[in-house]
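The values are calculated or read from the model by the stated rules, or taken from the named source; none is laboratory data. Just so it is clear, the structure is predicted and the values come from calculations on it, not from any experiment. As a convention, Cβ positions derive from the backbone with ideal geometry for all residues, glycine included, and neighbour counts pool all protein chains shown. What goes into the accessible areas is simple: the full protein's heavy atoms, side chains included, and nothing from ligands, DNA or RNA. Shrake-Rupley method; radii C 1.70, N 1.55, O 1.52, S 1.80 Å.
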Amino acid sequence: MARRLTCPYCYETFAAREIRFRCNSRLSRTRKQCQRRRDAVLDERFGRRPSNDVGPDFAADGRRSTAVCPDCDGETTYRICPVCHCELPVQFGMVDNRLIAMVGAKASGKTIYMTVLLHEMRNQVGEAYGASMMGLDDTTMRRYSSEYEDRLYRDRQMFPGTQTASTNANRVEPLVFRFGLRRRGLFGERPQHTVLSFFDTAGEDFSTRESVELNTRYLTGADGIILLLDPLQMPGARERALPGTALPGTEGLDAPVNVLGRVTNMLLAARGGKAAAKIETPLAVVFSKLDAFWHLLDNGSPLRAHAPARGRFEVGDSLSVHEEVRQLLKEWDGVPIDQALENTYARYRYFGVSSLGRSPTPDARVAPTGIQPYRVADPLLWLLSEFGSVPKAGRG
Ligand SMILES: Nc1nc2c(ncn2[C@@H]2O[C@H](COP(=O)(O)OP(=O)(O)OP(=O)(O)O)[C@@H](O)[C@H]2O)c(=O)[nH]1
Ligand SMILES: [Mg+2]
Ligand SMILES: [Zn+2]
Ligand SMILES: [Zn+2]
């Protein structure tokens, strides 16, 4: 059977030949031109918006990079997803395409984490690794800067709760980026690209039955999962948080161990019979808001230091963070989390991050000292190193 591809926008799978094309609606060689028109599939999935006025779509051999429009004889290079009609990245199906799902309970810090992570990847981390991170499409570029980056970095404000995909008529729009790395190989430098798709779920999406199906598709379609767990939502940790830390309310919150259980159930249910084997999808288990716990850690704790920025994923450093978090989990009554992971996941790794570096102010703004992220890129770099997209240093 041909390898199935997964759309970075809707996470539905299809074979390469099923990819459709969209006419570019320019004047063709035969002086004909297709008019732009509303695409009903885009309307339905993303709501009415001006960018849904596009050239007509048609079927052709999706394994090729171009096709000729049957209406105007114009040649087009726009390939679209047969399910959601989003334009697919250039060379989709030919280059590495990695989908990363991010999940976590309500108020665990997902939106802030994603915003800071992408900012870091585009700036400091990008520089250290000789890497670039570009929005793959106009919508991603626009949404990332106007809805996320500007709000946090320019206006210095926190986010309101993210809308759930299910109340939002199942309109989920992941942010899709192209991660590029210059790698020195035998034949000189060659660029290597990985498409990364981030899906910021709302916490509630994991606490009701209805939204489980949609999320199951996202999780099972993902090549790697970032599970964000909030220690402030663990009773054993919450009471030790640095005084003055902004605490999440306790109403309707779901303990991290339950969130992990739900994610695990979705992954297990989706694969039917093979329930005995461990889950192979690499899982980064990320504890957020660690700035609230630094005062309890030794000065030499790896969680208080920045990751070494040497342009390689340092395996030894990552393993010492992993062990340190495991120790903390014991103090936080988190042993059931550790056991659940050990019993069900073939590849998981603990991380501890602080996106802001400090609790926000009581009026929900960035602290006057600014945003000082700690170790936010480690989980993504680990996943990329597991995929072979960034080099590793050392063994573990
Ligand atoms: N101390 C500290 N607090 C943080 C940090 N990151 C997030 N928070 C707090 O957590 C709150 C929620 O963060 P969000 O990123 O909006 O959380 P979310 O997981 O997207 O929430 P939903 O969209 O409702 O599911 C913020 O308003 C902050 O008060 C951090 O690095 N340190
Ligand atoms: Mg959110
Ligand atoms: Zn045409
Ligand atoms: Zn799609």
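For the stretch 96-393, with all protein chains in place and a probe radius of 1.4 Å, 48% of the accessible heavy-atom surface sits on carbon or sulfur. With the biggest extent put first, the Cα atoms of the stretch 347-393 measure 42, 18, 14 Å across the principal axes. Residues whose amide H falls under 5 Å from that of residue 333, counting only those 5 or more places apart or on a different chain, are absent, with hydrogens built in the peptide plane.
For the stretch 35-66 versus the stretch 86-137, the inter-centroid distance based on Cα atoms is 25 Å. Calculate, for residue 250 and residue 36, the FRET efficiency according to 1/(1 + (r/R0)^6) with r their C-beta to C-beta distance and R0 35 Å; round to the nearest 0.05. E(calc), rounded to 0.05, equals 0.10.
Sorted largest first, the principal axis extents computed over the alpha-carbon atoms of the stretch 24-70 equal 33, 27, 13 Å. Solvent exposure of the stretch 254-344 amounts to 47 Å² per residue of accessible area, where only protein heavy atoms count and the probe is 1.4 Å. Converting phi to 3J(HN,Hα) with the Karplus coefficients 6.51, -1.76 and 1.60 and the offset θ = phi - 60°, the stretch 326-334 yields 4, 4, 4, 4, 4, 5, 8, 6, x Hz in sequence order, with x at every glycine or proline.
Normalised size of the stretch 249-396, defined as Cα radius of gyration per 2.2 N^0.38 Å with N residues, equals 1.14. Remark: the stretch 282-294, residue by residue, has Karplus-estimated 3J(HN,Hα) of x, 10, 8, 9, 10, 8, 8, 6, 5, 4, 6, 10, 4 Hz, where x stands for each Gly or Pro and the curve is 6.51 cos²θ - 1.76 cosθ + 1.60 at θ = phi - 60°. With all pairs of different C-alpha atoms in the average, the Kirkwood value for the hydrodynamic radius of the stretch 96-393 is 19.5 Å.
Go ahead and run the numbers for FRET between residue 63 and residue 163, Cβ-Cβ distance against an R0 of 51 Å, rounding to 0.05.
Computed FRET efficiency for residue 63 and residue 163 comes out at 0.85.
The share of Cα pairs per 5 Å bin across the stretch 101-161, counted from zero up to the longest distance, runs 4, 17, 23, 26, 20, 9, 2 percent.
Against the compact-protein benchmark of 2.2 N^0.38 Å, the Cα-based radius of gyration of the stretch 1-90 scales to 1.08. Carbon-plus-sulfur accessible fraction, the stretch 4-80 (probe radius 1.4 Å, protein heavy atoms only): 43%.
Might you tell me the accessible area per residue for the stretch 8-153, computed with a 1.4 Å probe and given in Å²?
Values: 6860 Å² over 146 residues.
On a per-residue basis, the stretch 8-153 sits at 47 Å².
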